[in-house]
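Written below as structure tokens is the structure these notes are about.
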Amino acid sequence: MIRFLLKGLIRDRTRSLFPTLVVLVGVALTVFLFNWINGVKNNFIQVNAKFNTGHMKIMSRAYAAEADQIPNDLALEGIEGLLLNLKEDFPDVIWTPRIRFGGLLDIPDEQGETRTQGPVVGLAVDLFSASSPERNLLNLENAVVRGRLPEEPGEILISDEFAHQLNIQPGEIATLISSTMYGSMATANFTVVGTIRFGVAAMDRGAMLAEVSDIQFALDMPDTAGEIVGLFSDFLYSNEKSEEITSTFNTRYMKTDDEFSPVMTTLRNQGGLAEYFDMVSSVSNAAIIIFIMAMSIVLWNAGLMGNLRRYGEIGARLALGEDKGHIYRSMIAESLMIGCIGSVLGTALGLAISYYLQVRGINISFLARDASMMVSNVWRAQVTPASYIIGFIPGLLATFLGTSISGIGIYRRQTSTLMKELET
Amino acid sequence: MENGYLIKTENLVKTYPMGYGSLVALNRVNLAFQKGEFAGLVGPSGSGKTTLLNIIGSLDVPTEGSTMVLGEKIESLSHKKAAHLRNQHIGFIFQTFNLLPVYTVFENVEFPLLLLGMPAEERKNTVMKALEWVHLADRAKSKPAQLSGGESQRVAIARAIVKEPEIMLADEPTANLDAENSHNILQIMERLNKELSTTFIFATHDEKVMHYLRRKITLVDGAVAKDEILKPQQGGGEN
């Protein structure tokens, strides 16, 4: 009987091709949309984690309360001891100190007079320690546009765009004018040894990258850092794991009566990211539900049209002694076959488009030029194990629902009128 | 079977609601059919021919009275049991053939056997035998769209007889056929009736069909107006 139904399906294109195409397109869109949202979301998480939030971040309680203003006067002290403890307590996490700072970068001419200057957003990281993860984390080798990476104290990198604005070449001297953590003015000379482009608009506008010990010295912050970021060694963010570590850390180290005691927060709980992630999840779920509903309606309609077209066939089958339930079940079986085939093909098409956009991506730098959020200039889809099955739910559910609803007409049909119906 | 009758109706009444009143389609019909009969229900349109065929074929139930078909009381059958009765014991031939257009002639004839769950090899032999009866073995791979009206009706007959049912119900089987094809079809049915002892009941007002009938039941306004034996019945049964 299954072979018989299959033959009918294959030969009758309006019964197979059209519904299969509907499922294929719907599933392909669902898979692609899922991968795209996933890709953009995970890319956003990765960029934020690497450049800003880490998977977890430790600050002083006072610094955390005003973190948006980068208040280095409230920075975390005694970081060397704290880092040793962290590495011992949470060995699966990479911990690294960072200092964010702002200031003016002044480029002198041959006489030592200001040739050009501009506001700079600085990031000081551990560039020289053998165990430092920062070179890999920030992908510095690939980010260098001109010159080289710092090898000696006093050497810095600046963003290529900023270098062009200031008309500065690798090898030139730049003076950082900023303030110490105690509020007095700080100036320090550095050699610009290279320019970088991270592909993140917020970092590429006017950034300076320096060795953390240089900045500690320049800003009078010995054994002090604005923050210590922690990242899981596989670089995959897990909210559950980070919540667990955060809870353990805060129980052990945070003191409610000391505003300079360390406090750990998860990536999700920084800078309104929780709301953003929840919104992305809601949009993703809503999109998939809308697709299921839209496909169900289209397939229901296709089922109704099919039933009208097959009115004579179904009537003859009833008259020949086929049970109504059997016909209904055979139509459901047909729809599930269509659902399966459409879902497999749709998943393949959705994955193919997603893979292409995972490799190639779409450059949105023209949109992100003035962005203050940590977003990559190239948005990419991301194929995950869930991508292989996510399309089957709407594909099968829509065909099943569509046929189930349209097939109810079979039960409403009066066998007593079959003779008359079949004569027309 | 009741007293050797294949089909027996007693005080059969069928009414259909119509506006505030009701339309009487069958009015106290008492009939009995024996195995091997070749009978026709004749009468003008609206006389109740198709309604009676529907009830005998377990497609409909009477409003009053009873109908026994092969020992089964039609009015007390569930939908599933009625479908089972049609599938196992009753063949239908329609005016408009109603072949399944996407399937070949062979597959159309094979369909009732699939519902019976017959094994593949036996099914193949049975289908080919049925097609040989109607002289269409060479058209087994054709699609219904490639057949003439006469050939299509012969396929419909093959589909109806392939399971060798005890009863064949034919509603205006020659209405869409020319004279030559009508005679061919009727000769085939007559031969099947003789060779397989299948009971044929026609609903018709085609004179060509009446020429072949051995029993003619005239219905007028839902009641039996005349019940005539025209020729000796197959097996000698008479009402």
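For the stretch A:305-314, enumerate the residues that are more than 7 Å from chain B (Cβ to nearest Cβ) and either within 11 Å of B:LEU59 (Cα to Cα) or in a helix (DSSP H, G or I) (or both).
If the condition is that a residue be more than 7 Å from chain B (Cβ to nearest Cβ) and either within 11 Å of B:LEU59 (Cα to Cα) or in a helix (DSSP H, G or I) (or both), then A:MET305, A:GLY306, A:ASN307, A:LEU308, A:ARG309, A:TYR311, A:ILE314 are the ones that fit.
What residue, among those in the stretch B:112-134 that are surrounded by fewer than 23 Cβ atoms within 10 Å (Cβ to Cβ) and in contact (Cβ under 8 Å) with a residue 40 or more places away in the chain, is nearest to the other protein chains (Cβ to nearest Cβ)?
Ranking the candidates gives B:LEU116 first.
With the checklist (1) in contact (Cβ under 8 Å) with a residue 60 or more places away in the chain; (2) part of a helix (DSSP H, G or I); (3) farther than 15 Å from A:LEU29 by Cα in hand, flag the one item A:LEU349 doesn't pass.
(3)
Determine which single condition A:TYR388 fails, assuming it passes every other condition in (1) modelled with pLDDT under 85; (2) loosely packed, with under 15 Cβ neighbours inside 10 Å; (3) aromatic (Phe, Trp, Tyr); (4) farther than 24 Å from A:ARG15 by Cβ.
(1)
Considering only the stretch B:140-155, I want to know if a residue exists there that is touching a residue at least 24 places away in the same chain (Cβ under 8 Å), within 30 Å of A:ARG3 (Cα to Cα) and assigned to a strand (DSSP E or B).
no
Identify the single condition in (1) more than 14 Å from chain B (Cβ to nearest Cβ); (2) among the β-branched types (Val, Ile, Thr); (3) in a helix (DSSP H, G or I) that A:THR256 does not satisfy, given that it satisfies every other one.
(3)
List every residue pair whose Cβ atoms lie under 7 Å apart, where the two residues are 6 or more positions apart in sequence or sit on different chains, the first residue falls within the stretch A:297-312 and is over 12 Å from A:GLU334 (Cβ atoms), and the second residue, located anywhere, is buried (at least 19 other Cβ atoms within 10 Å of the Cβ) and modelled with pLDDT under 75.
A:GLY312/A:LEU422
Do you know which of the residues in the stretch B:47-68 that are free of Cβ contacts under 8 Å to residues at least 60 places away in the same chain and out of contact with any Asp or Glu (no Cβ under 6 Å at 6 or more places or on another chain) is farthest from the other protein chains (Cβ to nearest Cβ)?
If we take residues in the stretch B:47-68 being free of Cβ contacts under 8 Å to residues at least 60 places away in the same chain and out of contact with any Asp or Glu (no Cβ under 6 Å at 6 or more places or on another chain), then B:GLU64 is farthest from the other protein chains (Cβ to nearest Cβ).
Kindly check whether there is at least one residue in the stretch B:69-79 that is within 8 Å of chain A (Cβ to nearest Cβ) and in contact with a Ser or Thr (Cβ under 9 Å, 6 or more places away or on another chain).
Yes, there is a match, as at least one residue in the stretch B:69-79 is within 8 Å of chain A (Cβ to nearest Cβ) and in contact with a Ser or Thr (Cβ under 9 Å, 6 or more places away or on another chain).
Out of the residues in the stretch B:1-60 that are among the hydroxyl-bearing types (Ser, Thr, Tyr) and assigned to a strand (DSSP E or B), state the one that is nearest to B:GLU166 (Cα to Cα).
B:TYR5
Within the stretch A:244-277, can you find the residues that are acidic (Asp, Glu) and either in contact with an Asp or Glu (Cβ under 9 Å, 6 or more places away or on another chain) or over 14 Å from A:ARG61 (Cα atoms) (or both)?
A:GLU244, A:GLU275
Quick one: which strands (runs of 3 or more DSSP E) sit completely within the stretch B:172-233 and have at least 2 residues that are among the polar types (S, T, N, Q) and buried (at least 21 other Cβ atoms within 10 Å of the Cβ)?
The qualifying strands (runs of 3 or more DSSP E) are B:199-204.
So, in the stretch A:166-191, of the ones that are over 10 Å from A:ILE107 (Cα atoms) and of a type in the set (A, V, I, L, M), which residue ends up modelled with the lowest pLDDT?
A:MET181
Looking at this structure, is B:GLY222 at pLDDT below 85, of a type in the set (Gly, Ala, Ser) and over 20 Å from B:PHE94 (Cα atoms)?
no
Mind counting the residues in the stretch B:83-109 that are on the phi < 0 side of the Ramachandran plot, facing chain A (nearest Cβ under 9 Å) and buried (at least 23 other Cβ atoms within 10 Å of the Cβ)?
Number of matching residues: 7.
Which ones in the stretch A:220-253 are in a loop (DSSP other than H, G, I, E, B) and on the phi < 0 side of the Ramachandran plot?
A:MET221, A:PRO222, A:GLY226, A:SER233, A:ASP234, A:LEU236, A:TYR237, A:SER238
Take the stretch A:64-85 and flag every residue that is under 20 Å from A:GLY103 (Cβ atoms), surrounded by fewer than 24 Cβ atoms within 10 Å (Cβ to Cβ) and not aliphatic (A, V, I, L, M).
Hits for the stretch A:64-85 are A:GLU66, A:ASP68, A:GLN69, A:PRO71, A:ASP73.
Looking at A:GLU161, A:GLU141, which is the one that is in contact with a helix residue (DSSP H, G or I) (Cβ under 8 Å, 6 or more places away or on another chain), assigned to a helix (DSSP H, G or I) and surrounded by 15 or more Cβ atoms within 10 Å (Cβ to Cβ)?
After ruling out the rest, the residue left standing is A:GLU161.
Being part of a strand (DSSP E or B), of a type outside the set (Val, Ile, Thr) and either touching a Gly at 6+ places or on another chain (Cβ under 8 Å) or surrounded by 13 or more Cβ atoms within 10 Å (Cβ to Cβ) (or both): is that true of A:LEU209 here?
When the stated conditions are applied, A:LEU209 passes them.
Would you point out the residue of the stretch B:177-207, among those that are among the small types (Gly, Ala, Ser) and at pLDDT below 90, that is nearest to the chain's Cα centre (by Cα)?
B:SER197
Among residues belonging to the stretch A:9-44 that are within 14 Å of chain B (Cβ to nearest Cβ) and touching a residue at least 60 places away in the same chain (Cβ under 8 Å), point out the one that is surrounded by the fewest Cβ atoms within 10 Å (Cβ to Cβ).
A:THR14
Let's see how each residue does on (1) closer than 21 Å to A:ASN48 by Cβ; (2) more than 14 Å from every other protein chain (Cβ to nearest Cβ); (3) modelled with pLDDT under 90:
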| residue | (1), (2), (3) |
| --- | --- |
| A:SER335 | no, yes, yes |
| A:ALA348 | no, yes, no |
| A:GLN358 | yes, yes, no |
| A:SER372 | yes, yes, yes |
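Which one of the conditions (1) more than 14 Å from every other protein chain (Cβ to nearest Cβ); (2) crowded, with 21+ Cβ neighbours inside 10 Å does A:ARG317 fail to meet, given that it meets all the rest?
For A:ARG317, the failing item is (1).
Just give me the residues in the stretch B:20-67 being of a type in the set (A, V, I, L, M, F, W, C) and over 23 Å from B:LYS226 (Cβ atoms), in sequence order.
Listed by number, the residues that qualify are B:LEU59, B:VAL61.
Which members of the stretch A:71-121 meet the condition of being small (Gly, Ala, Ser) and more than 33 Å from the chain's Cα centre (by Cα)?
Within the stretch A:71-121, A:GLY78, A:GLY81, A:GLY112 meet the criteria.
The values are calculated or read from the model by the stated rules, or taken from the named source; none is laboratory data. Values in this document were obtained by computation on a predicted structure and should not be read as measured data. Here Cβ is always computed from backbone atoms with ideal geometry, including for glycine, and neighbour counts include all displayed protein chains.
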